[in-house]
Structure formats: C-alpha cells, structure tokens
Amino acid sequence: MKRELLINAAPRETRVAILEDDELVELLVDRPEARRMVGDIYLGRVEAVLPGIQAAFVDIGTEKSAFLHASDLVFPDANGDGDDEEDEADDEAREEKDDARGRRTKAPPIQDLLKRGQDIAVQVSKEPISTKGPRVTAQISLAGRFLVYMPFASRVGVSRKIGDRAERQRLREQMQNLLPENSGGIIVRTVGEDVTPDTFERELNTLMNTWKRIKRKTHFVRAPSLVHRETSLTRGLMRDVFSTKVEQVTVDSRQVFNEIVEYLKGIAPELIDRVKLYEDVVPLFDKANIEHEIRDLFKRRCDLPSGGYLIIEPTEALVSIDVNSGRYTGKKDPEKTILKTNVEAAREVARQLRLRDIGGIIVCDFIDMETKANRDKVLQELRAHLGRDRARTKAFAVSDLGLVEMTRQRVRQSHLQNMTEPCQTCHGTGRVFTAETIVRRLERSVRRMGVEGKRDHLVVKLHPDVAMYVLEHEKDLLKKLEKLAGFGLELRDDPLLRPDEFKLVVKSAGRDVTQQYAVA
C-alpha cells in the first residue's frame, strides 16, 4: 500500500493529510488557540474525591477540572502501566499496555489513595469533549520513536504488530537486560523490530532523563501547572507514523521542512531523503486534489462509487450511519446488488471514521442481507479496513436487526465539533419551524393579548419568507385576527429576524411585547 504525508503549514494553522493509495484517509489539524493536549503532563491539585463513582476531579488549570478514575491511579502491587491513549502513539503498543492493565491487581478504594487538596502528577489521556473536561491518568508514559517508557510499570512489552514469536522473545529479553532494576517498564514499538541494542539504550536513557527532569520540576512549581508538553503535531507524526512504510512526506513550509530534517537527523537519518519541500505556486492540497474532500467532511451524505450513499448523523450518545443503495439497482440478482453496496459502504465507513475523526459508539445500518455468508463478508470487509486505523476500533457481529455496533477510540473532539458550532437559529437540531407553524404561533399570541383586554395598535414583524407565505396563502389573516382581538394590526417584513422568529411591537410606544405573549 502506497502511503504519503502532506503537510500544509500556515502561521495560524497546520494541516496534515495522510494518503493511502492516493486516497485521503486521515486529516489532522493543529491551531495555536486549540492545541492538542493528549500526552501533556501536569502537576494538578485534587479538588474533589467521589467514592460513589470511584473517581476524583483534579484542577490542572484548564477551564473544566480533569476527571481521574481509580483505575488510572498508581498504587502498591499494581502490575499495570501507563495509559498512553495518544492518537500519534503506536496502536499496538497501547493494546499491549491495555492487556497488562486488565491483568493487574484491583485498585484500592480511591478515598484511601487520594485526599482533597493533594498534589498529584497526571497525564492527559483524553481531551475535553463537548461538556466534559479532560480525562487524566496518574500512570504516566513517555513515547519515543522505538520505545514507550512507563516510570510506574514493572514489565517489558512488545508490540503485537511484530508477529514473529522468536523475535518478540528476543526483543523482550534484550530490553530486560537493558532496563535497570526497579526503574519502570518498557514497550518496544513496531518500528523497533530491527533496531540495534545501542539505539535502544540511547533512547531509553533519553526517556528516563526526561522523566527525571519532569519529577524535579514538580518540586519547584505550584499546582496547577504544566510540567511537560507533548511534542508538536509534525514532530509527533515523524516519531510515530513516519517509517519505511511511508513513501514520501511533502511540506509546503521551509521552516517546518528544516525542523523536520533537523529532528530526523537525531532519530531516523535514513528517512531524510523522503522529505520533500513543495515550492509550487499552486497550494499543496489543491495540487493533491483533496481540498474538496476536506470541505465535504461536514456533509451528512457521503456518496459511494456505485451510486449508493451513506448518511452520517452524529448525536450526543452515538453516531448513526445509514447505508442506502441510491441509484444503484444492479442487474438481476437483488442479493448481489445489496452485497456490492454493503461491501463498498463497509470500506467507506472505515475511511470516513478516520477522516472525520469520529469516536465513541457507532451504529451502522447496512441494507438487510438474507444469507449469513454475505453478512460475514461485509463484517470482514469492515474489520479489514478498520485494521488500518491508528485509533483502537472494535466491530461486533451483525445484530438481529441487521445493525453493526462498533466503537472507536476517542481522545479528542471530531472535526465537526472542532471546526463548527451550533446554528444560532436551530441550536444544533438542523431544523427550523415552517412558515405555517410560525403563523399559528403568532395567531395564539395575538389572541392572548385580546383576552387580556389590550387595545393598542400592534405591529407584527415577520421574516420576509413568512410574510410572503401570509400574503400568498392567508391573505385575510390580519382581518380575522383584528376581529378576534379587537385592535388594529399591521404586518411588516424584517430581514434581520431569524426564519422562525416574529416580533410584536406596540405601535404607539414602540415597545416589544413578544416575550410577554409568545409562549408557544
């Protein structure tokens, strides 16, 4: 598979596009005012300990306090290690650590380990999402290019992407010999398969010295305080993604190009030749023909090659994806038609989840298939393409209702949440009241005024579209309302109003009485 990285760097925004076989599969965006927090280490102060949910809230200086669960604490006799859920870190290394976390000793009650006002070093494992603050862990981990060092762990792990058992055992023994006694735990990352012992030792010493500096800093700062910032987006990608499997990295900024080359000199000098500076006048993303795909990220509808399409609907609890055959009707066999559409949809679902950075619970409603063999084919296709994802994913079997339930690791907000905000008119529902509904609300409001005995001449202001509806479909509305209410009415259109808004203004005093009478 051909893999390529494109980096578009501007003073106020850095965008990284990951292409596989010339197809956009992942987009990463970094802005100064909304920088990435995952991997940052803070000295925090415990604000509250909640035994009922076995969790604590920790002040790390962010707008909302960070959430710390008991399972993410460091405690005696724990056989666990750091929870490095960072997107840029190697997925298999994280899975290895998760396995260890499942085998460790059960955590003691949180109230026995933490007290309010206590200072504690924590690492961000999940950024603030929606109304929730960041999630943190006390099981700190530091990622290098070949190793992940965990100061509070006590075991050596090897990435499961290194499939050969003998090689895994050799690496494990090699690291056990290198790792000083009682100095923490280590995971060998996928790119460390052919690395020499000297390189491992050099990186291990660097990571251990970084941890010593972090520990020293916690003694000289007052909580809440940032004590270690995770490396920048571009450096993180060079460390975690850029390997011999990536054919080329193209950068359109000389400054970033020089930074990358300088960084690679220290960690992977053999890859420097694969980094290219883009100097054409045509913007890099336009040249690669991916700018239109980025604009389409926020659309509900996503078209499939055969003529079918997906409808992607994010909600508070989950993301629903509906598969439709659209204009694709096949030839003769309906089951084959459905299978082809569903297989295409499975590939596109996996790509869109990565591209839109959607996380949490996802439910896919594929077109109903009659045979179990076909359902299994679709599920197999979905899992195969999800396997390329750097975030952890899990797809369950097709349910009795024909749904595929799955989860995808979520460490930050999706691009939709990051780059858009709720509409001030519909407040995120995507719907506004129809003109007829607005007119009926107006009618009820005027009647309320009449019941209260008001006799002041009233100016009714409507959005131009609603006013046009009244003129075309309910010409005698004002006469009827005047008769019912017992006072004069005057209709005016106001383009500054929202489509589903109206105003009632007392003409003599110029007083707005909408809030008083427009209940529903």
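Computed quantities for the displayed model
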| quantity | calculated |
| --- | --- |
| Most to least packed among 477-486, 54-63, 223-232 [average Cβ atoms within 10 Å] | 54-63, 223-232, 477-486 |
| Phi to ³J(HN,Hα) by Karplus 6.51 cos²θ - 1.76 cosθ + 1.60 over region 402-411, Hz, x for Gly, Pro | x, 9, 10, 9, 8, 10, 9, 4, 10, 10 |
| FRET efficiency, Lys394 to Lys479 (Cβ-Cβ, R0 56 Å, nearest 0.05) | 0.30 |
| Whichever lysines have a C-alpha closer than 22 Å to that of Lys461, once near sequence neighbours (fewer than 8 apart) are set aside | Lys475, Lys479, Lys480, Lys483, Lys503, Lys507 |
| Label of the coordinate-derived value, Rg and Dmax of the Cα atoms in Å, listed as (1) 37.1, 128; (2) 21.7, 65; (3) 29.2, 95 | (3) |
| Assigned charges on the beta-carbon of Lys, Arg, Asp, Glu; the chain dipole about Cα centre (debye) | 1380 debye |
| Anisotropy class of region 454-503 from Cα gyration tensor, a/c 1.5 cut | oblate |
| Protection-proxy order for peptides 126-139, 252-265, 144-157, each taking the mean of Cβ atoms within 10 Å per residue, highest first | 144-157, 126-139, 252-265 |
| Accessible area (Å², 1.4 Å probe, nearest 10) - Arg392 | 50 Å² |
| Under 16 Å from the Cα of Lys377 - lysines, other chains or at least 8 residues apart | Lys336, Lys340 |
| Separation of the Lys332 and Glu167 label points, Cα + 7 Å toward Cβ, nm | 4.8 nm |
| Theoretical FRET efficiency, 1/(1+(r/R0)^6), r = Cβ-Cβ of Gln380 and Leu471, R0 56 Å, to 0.05 | 0.40 |
| 3J(HN,Hα) from dihedral phi, region 379-389, Karplus parametrisation 6.51/-1.76/1.60, rounded to Hz, x for glycine, proline | 4, 5, 5, 4, 5, 4, 7, 5, x, 7, 6 |
| Candidate lysines - alpha carbon under 19 Å from Lys265, same-chain residues fewer than 8 apart omitted | Lys245, Lys276 |
| Gain in span if fully extended, Glu316 to Gln176, counting 0.36 nm per residue against the direct Cα distance | 45.9 nm |
| Computed helical MRE - 222 nm, the chain, DSSP H runs ≥ 4 contributing -39500 (n - 2.57), nearest 500 | -10000 deg cm²/dmol |
| Inter-probe distance in nm under a simple model that places probes 7 Å from Cα toward Cβ, at Lys299 and Arg160 | 3.7 nm |
| Options Phe366, Gly236, Leu73, ranked by Cα towards positive dipole end of the chain, top entry (Cβ charges) | Leu73 |
| Unit charges at the beta carbon, dipole of region 155-246: most positive-side option, Leu179, Val195, Leu207 | Leu207 |
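The values are calculated or read from the model by the stated rules, or taken from the named source; none is laboratory data. From a predicted model like this one, the values you see are computed outputs, not experimental measurements. Glycine also receives a Cβ, built like all others from the backbone with ideal geometry; neighbour counts cover every protein chain displayed. The accessibility values were calculated without ligands, DNA or RNA, using every heavy atom of the protein model including side chains. Shrake-Rupley method; radii C 1.70, N 1.55, O 1.52, S 1.80 Å.
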